[in-house]
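These notes are about the structure you will find just below.
The values are calculated or read from the model by the stated rules, or taken from the named source; none is laboratory data. If you're wondering where the values come from, they're calculated on a predicted model, not measured in any experiment. A quick note on method: Cβ atoms are made from the backbone with ideal geometry, for glycine too, and the neighbour counts reach across all protein chains shown. In case anyone asks, the SASA skips ligands and DNA or RNA and just uses the protein heavy atoms, side chains included. Shrake-Rupley method; radii C 1.70, N 1.55, O 1.52, S 1.80 Å.
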Amino acid sequence: MSEQMIHFIRFESAEAVAEDAARRIRDAAGRAIDARGRFLCVLAGGRTPLAAYERLVHGSEDWARWHLFLGDERCLPPEDPDRNSRAIALALTERVAIPPDNLHWIPAELGAESAADRYDTLIADRIPFDLILLGMGEDGHTASLFPGHAISTDVRAAPVHEAPKPPPDRVTLTPLALAAAPERLILVTGAGKREALAAWRRGADLPVARVAALGRTDVLMDPDAAGD
């Protein structure tokens with residue numbers, strides 16, 4: 001994939017990154033609903049994505065046509081505050097009129113293998129997505145695709161064990177699913193991300209770099225992450 005498909009865009013603050021991400025989500029929703037009558041969006045957890053979702057709450061969106069998915073999930077009980085689905089519920093989905101049947105969360109409480117199998121089946125009939133939103137970790141991981149871990153190529157959702165940050169058991173979308181959208185947004189904020197972002201831009205073979213290279217990807221950065 002040509003590097004011209006990856007655009008690094010610097011903003012003046014993490015708040016500006018969240019604001020622009022919210023605008024882009026709204027715009028993608030409008031385009032998808034106008035074209036096909038529904039909006040299929042993959043969401044990420046993390047501070048800046050959650051700040052973007054909070055900015056969607058007060059908009060007049062056609063929530064009945066939104067269908068939300070997850071890029072990854074931690075194998076924890078459904079109400080655990082460290083679950084991505086729970087954090088997104090508090091930031092967005094419990095505050096707007098989106099139908100519960102439109103929330104396609106990963107059933108990670110079933111265990112990594114069972115949850116991955118079920119999610120792979122679920123999304124197989126729904127892709128392509130309209131938009132995929134991701135973050136990046138300080139080690140260059142995205143979703144739950146970690147450096148040094150084998151990445152499945154023949155399934156859309158895969159179990160993860162021995163993750164380098166807790167909890168060790170997770171479920172993640174794979175590149176097969178993360179390629180199935182016309183655009184990806186990757187939000188990168190905070191000084192802790194600066195080293196990995198710089199390594200990516202120098203050509204390091206990081207999971208986030210592999211995912212960004214799957215197609216058009218806009219990387220929204222704040223000054224702390226972008227550095228000089």
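Cβ-Cβ distance of A97 and I151, R₀ of 35 Å, FRET efficiency by 1/(1 + (r/R0)^6): the value works out to about 0.40.
A cut-off under 9 angstrom between Cβ atoms defines the neighbours of R216, and their net charge, with Lys, Arg +1 and Asp, Glu -1, is -1. Using the 1.4 Å probe convention, the accessible area of the chain works out to 45 Å² per residue with neighbouring protein chains retained. For the range 166-179, 3J(HN,Hα) computed residue by residue from phi via the Karplus equation (6.51, -1.76, 1.60; θ = phi - 60°) reads x, x, x, 9, 8, 10, 9, 5, 9, x, 4, 7, 6, 7 Hz, glycine and proline entered as x. Taken about its Cα centre, the range 30-76 carries a charge dipole of about 80 debye when Lys and Arg each add +1 at the Cβ and Asp and Glu each add -1 at the Cβ. With both labels modelled 7 Å from their Cα along Cα-to-Cβ, the A89 to E54 distance reads 1.9 nm.
What's the carbon and sulfur percent of the range 127-196's accessible surface, probe 1.4 angstrom, rounded to a whole number? Please report the intermediate quantities before stating the final value.
Working: 1410 of 2700 Å².
Summing carbon and sulfur atoms, their accessible area is 52 percent of the total for the range 127-196.
Taking R0 as 30 Å, what's the FRET efficiency between E15 and R216 from their Cβ-Cβ distance, rounded to 0.05? Kindly include the intermediate steps, with their values, before the conclusion.
Values: r = 25 Å, r/R0 = 0.83.
The calculated FRET efficiency here is 0.75.
Mark the label point 7 Å from the Cα of D62 along Cα→Cβ and return the residues of the range 73-114 whose backbone N is within less than 19 Å of it. Answer for this model: 96-103.
Full extension of the chain between E162 and E195 gives 9.5 nm of extra length, using 0.36 nm per residue less the Cα-Cα distance.
Rounded to the nearest 500, what is the 222 nm mean residue ellipticity of the chain from helices alone, with -39500 (n - 2.57) per DSSP H run of 4+ residues and division by all residues? Each step should come with its number before you reach the end.
Details: 8 runs with 72 residues, N = 228.
Computed ellipticity for the chain at 222 nm equals -9000 deg cm²/dmol.
Please report the relative contact order for the chain, taking Cα pairs under 8 Å with a sequence separation of at least 6, and give it as a percent rounded to a whole number. Please report the intermediate quantities before stating the final value.
Numbers: 467 pairs, mean separation 59.3, N = 228.
Contact order relative to length: 26 percent.
Only beta bridges with both residues in the chain are counted; by DSSP, about 25 percent of them are antiparallel.
Listed highest first by mean packing, meaning other Cβ atoms within 10 Å per residue, what order do 187-195, 98-106 come in? Walk me through the numbers before you get to the answer.
Values: 187-195: 19.7, 98-106: 15.7.
Per-residue mean Cβ counts within 10 Å order the peptides as 187-195, 98-106.
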